[in-house]
Amino acid sequence: MRPNLIRNYSPNFSLPKRSKKIIKFVIIHYTGMKKESSAIEKLCNPKYSVSSHYFIKNNGNILNLVPDLYEAWHAGKSSWKKFKSLNKYSIGIEIQNPGHNNNYKKFSLKQISSLIKLLKYLMKIYRIKRENILGHSDIAPNRKKDPGEKFPWKKLAKNKLAQWYKLNEKKLFRFRGVKLTSKDENRFVNNLYNFGYNKIDVNKSNYNKKTLTKAFQRRFRQNLINGIVDKECFLISKSLIK
């Protein structure tokens, strides 16, 4: 069932129309702006060359800014598995939240309820796999933190709308802080590559193992984001690629 949408046109998209079959991902973002009205204005202003297909307001209302079959400008330089420049292959959803630089807060229940309805609809229409519901920090870990560690990935997974690991969290916690051998640290990084994360480019000083680990932790170990690979992280990464 299609959720209720409010049309709010943005001119920021690419021509020509794309094929329905090319849409394989949904990328979730937060706006990172204090004022909701300012975020909407920016996404609809040709001066800023940024947009998304959908915008979820604080009250849960969903704005449709760009039609699905046009490429919106939300992902930027990005990659996942064999795909690069994910704008071409994705639908972007912006959720109003001030973000890490402006007193980052929990997403409202109304926002998440609307997101769940929207994801169910999009996944059905475009046959998108749940492992292809991603955050901006998944596809651009060296640049982005959104939607961040307060985003309820586990709740989405319970609704079959995202991927999650299959491990007992109480048992898993015992391995927090347990150091790994360098061999297992390398295995952890390779697990992340196999899962879909972009390979570390040694020529990019701001993209290293710590950056990659933090992106992983924001998604799968949200109550401790320290960029340090321990046995807890390693076991989660193993579970994800089984």
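With viscosity 0.890 mPa s and temperature 25 °C, the Kirkwood radius over alpha carbon pairs of the chain converts through Stokes-Einstein to a diffusion coefficient of 133 µm²/s. Classify the stretch 132-242 from the C-alpha gyration tensor, please: rounded if a/c falls under 1.5, else prolate or oblate depending on whether a/b exceeds b/c. Cα axes put the stretch 132-242 in the oblate bin. Listing K158, K81 from fewest to most neighbouring C-beta atoms within 10 Å gives K158, K81. Backbone amide hydrogens, once placed in the peptide plane, bring S78 within less than 5 Å of S85, L86, excluding anything fewer than 5 places away on its chain. Looking at the stretch 1-54, the trypsin sites (Lys or Arg not before Pro) that sit in a DSSP loop and have at most 10 other Cβ atoms within 10 Å of their own Cβ are K47. Applying a DSSP loop filter and a limit of 13 other Cβ atoms within 10 Å to the GluC sites (Glu not before Pro) in the stretch 119-218 leaves nothing.
Between the C-alpha center of the stretch 15-72 and that of the stretch 216-242 there is a gap of 30 Å. As a rough footprinting exposure proxy, the listed residues D230, D201, D184 were ranked by other beta carbons within 10 Å of their own, and the order from fewest upward is D201, D184, D230.
Helix-only arithmetic for the chain: the sum of -39500 (n - 2.57) across DSSP H runs with n ≥ 4, divided by the residue total, places the mean residue ellipticity at 222 nm at -9000 deg cm²/dmol. Neighbour counting of Cβ atoms within 10 Å sorts the residues M33, M1, M123, fewest neighbours leading, into M1, M123, M33.
Computed from the coordinates by the stated procedures, all read-outs in this text should not be read as laboratory data. As the structure is a prediction and not an experimental result, all values here were calculated from the model. Ideal geometry is used to build each Cβ from the backbone, glycine not excepted, and the neighbour counts take in all protein chains shown.
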